[in-house]
Amino acid sequence: MSGAALAAAGTPSAAAVSDAATPASRIEFVGVTVAYKRAVALDSLAFAVEPGEIMALIGPSGCGKTTALRAVAGFVQPTAGRVLIGERDVTALPPYARDVGMVVQNYALFPHMRVTENVAFGLRARKLAEAVVRARVEDCLGIVGMTGFGERLPRELSGGQQQRVAIARALAIRPRVLLLDEPLSALDAQIRRAMLGELARLHRELPSLTVLYVTHDQTEALTLADRIAILRGGRLVAQGRSARLYHEPPNRFAAEFLGHANLLEVAVVGSEGAAAVLRLGETLLRARQPHGAIGARALLCVRPHALSLRRDGRENTLVGHVSDVVWQGELQTVELVVAGAKLRISGTPAREPPLPGGELSVHFFTDDATLIAEDGALAA
């Protein structure tokens with residue numbers, strides 16, 4: 001969405017859509033369980049999305065992300081527990097009574113309807129006056145930068161444009177919450193990056209709209225979300241502010257899934273101020289210790305981009321043997337075996353890349369590493 005498009009949309013239109021998203025737009029899962037015969041899709045899920053917040057729900061395939069979203073939308077009935085929107089228990093309400101807008105990955109536009117008819121569909125189903133329908137359609141198309149495309153059929157639009165129309169249709173009913181189910185997964189990489197910017201800009205235009213965003217793409221989650229919740233096997237295994245969850249993962253799974261952290265088993269042998277002193281074989285290392293004393297054994301967590309082939313004042317050194325080097329244009333990934341564990345180093349390609357089998361020293365700052373526990377408590 002260009003700046004011109006946003007200007008065309010105008011502040012009054014954005015405000016008109018967001019007025020309905022009040023503090024009553026909080027989403028809460030209260031011990032929600034969903035089971036299909038013997039298969040448990042969600043297991044006592046409990047967390048909340050605050051008003052005006054974007055929360056990303058991530059996890060491996062089959063972890064229950066879409067099931068959780070569909071439970072909020074009303075397309076899945078929990079076996080146990082409750083779903084609240086604001087202070088209202090919506091668990092038993094049909095989808096049309098929940099004031100929820102939903103966008104799915106395949107757009108789900110009606111192919112025989114023009115853009116304006118697609119956006120107006122939910123409004124006409126609610127039997128609103130035609131003048132209101134026309135005004136809402138115009139407002140929402142302006143907000144998503146699709147003014148002037150109203151007479152086109154979906155087949156006459158690009159994938160990104162179709163996704164914008166789907167978002168406009170979801171916003172037209174003035175939902176209290178917006179549910180996004182992997183809305184960018186069907187787009188190519190370049191359009192996906194552009195649409196991420198569009199969604200971020202949309203939320204700035206509608207700051208009180210609460211968004212629950214399901215994605216398998218960690219980059220999307222980190223780019224867009226205020227907070228992230230990680231599911232595994234239908235259970236919540238971590239949640240927290242995006243930056244904190246990335247820099248201070250509470251457990252091994254969160255560290256490995258969000259950002260593919262390097263993890264080394266170390267022994268805690270002392271402390272120096274806010275830093276823990278660690279032993280890896282015969283090597284002493286230092287790392288942040290944000291959760292206090294963890295015990296004799298812990299996991300040292302260092303992100304691939306925090307490791308460098310240059311010392312440049314970095315306090316810690318790891319020595320290992322190169323197992324693989326992968327060139328990806330503007331990025332080079334080196335795999336290193338250290339104390340029997342594999343480490344990945346990501347950075348700008350070197351003019352003379354390391355050779356597989358050779359010995360290599362890598363370095364990192366103490367503040368760029370943290371300690372985590374295998375069964376750590378959830379991040380706040």
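The values are calculated or read from the model by the stated rules, or taken from the named source; none is laboratory data. Bear in mind that the values here come from a model prediction, so they are computed numbers and not experimental data. Virtual Cβ from ideal backbone geometry, glycine too; neighbours counted across all protein chains shown.
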Does region 287-297 include one or more residues that are out of contact with any Pro (no Cβ under 8 Å at 6 or more places or on another chain), part of a loop (DSSP other than H, G, I, E, B) and crowded, with 19+ Cβ neighbours inside 10 Å?
-> yes
Taking the options 114, 126, 155, 176, name whichever one is buried (at least 21 other Cβ atoms within 10 Å of the Cβ) and assigned by TED's automatic domain parsing to the domain that holds residue 58.
-> 176
Which condition number in (1) surrounded by fewer than 16 Cβ atoms within 10 Å (Cβ to Cβ); (2) farther than 29 Å from residue 204 by Cβ is the one that residue 64 fails?
-> (1)
Considering residues that are at pLDDT 90 or above and either among the aliphatic types (A, V, I, L, M) or on the phi > 0 side of the Ramachandran plot (or both), the number found within region 131-145 is 6
Residues in region 204-235 that are over 22 Å from residue 99 (Cβ atoms), among the polar types (S, T, N, Q) and buried (at least 21 other Cβ atoms within 10 Å of the Cβ) total 1
Being hydrophobic (A, V, I, L, M, F, W, C) and in contact with a helix residue (DSSP H, G or I) (Cβ under 7 Å, 6 or more places away or on another chain) is the filter here, so list the residues in region 133-151 that pass it.
-> 133, 137, 140, 141, 143, 144, 146, 149
Given the conditions (1) assigned to a helix (DSSP H, G or I); (2) touching a Pro at 6+ places or on another chain (Cβ under 8 Å), and given that residue 169 satisfies all but one, which numbered condition is not satisfied?
-> (2)
Scanning region 315-335 for residues that are modelled with pLDDT under 90 and in a loop (DSSP other than H, G, I, E, B), which turns out surrounded by the most Cβ atoms within 10 Å (Cβ to Cβ)?
-> 331
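Going through 343, 309 one at a time, which residue ends up being under 18 Å from residue 262 (Cβ atoms) and within 29 Å of the chain's Cα centre (by Cα)?
Numbers: 309 fails: within 29 Å of the chain's Cα centre (by Cα).
343 is the lone residue from the list that is under 18 Å from residue 262 (Cβ atoms) and within 29 Å of the chain's Cα centre (by Cα).
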Where residues in region 141-161 are within 26 Å of residue 189 (Cβ to Cβ) and of a type in the set (S, T, N, Q), which of them is nearest to the chain's Cα centre (by Cα)?
-> 161
Subset of region 62-82, residues of a type outside the set (Val, Ile, Thr) and either closer than 26 Å to residue 243 by Cβ or in a strand (DSSP E or B) (or both), comes to 63, 64, 65, 68, 69, 80, 81, 82
Of (1) in contact with a helix residue (DSSP H, G or I) (Cβ under 6 Å, 6 or more places away or on another chain); (2) part of a loop (DSSP other than H, G, I, E, B), residue 222 satisfies every one except (2)
Of all residues in region 220-261, which are over 24 Å from residue 198 (Cα atoms) and aromatic (Phe, Trp, Tyr)?
-> 253, 257
Residue list for region 154-190, restricted to those being under 21 Å from residue 218 (Cα atoms) and of a type in the set (Ser, Thr, Tyr) = 185
For region 236-246, which residues satisfy the criterion of being part of a helix (DSSP H, G or I) and crowded, with 19+ Cβ neighbours inside 10 Å?
-> 242, 245, 246
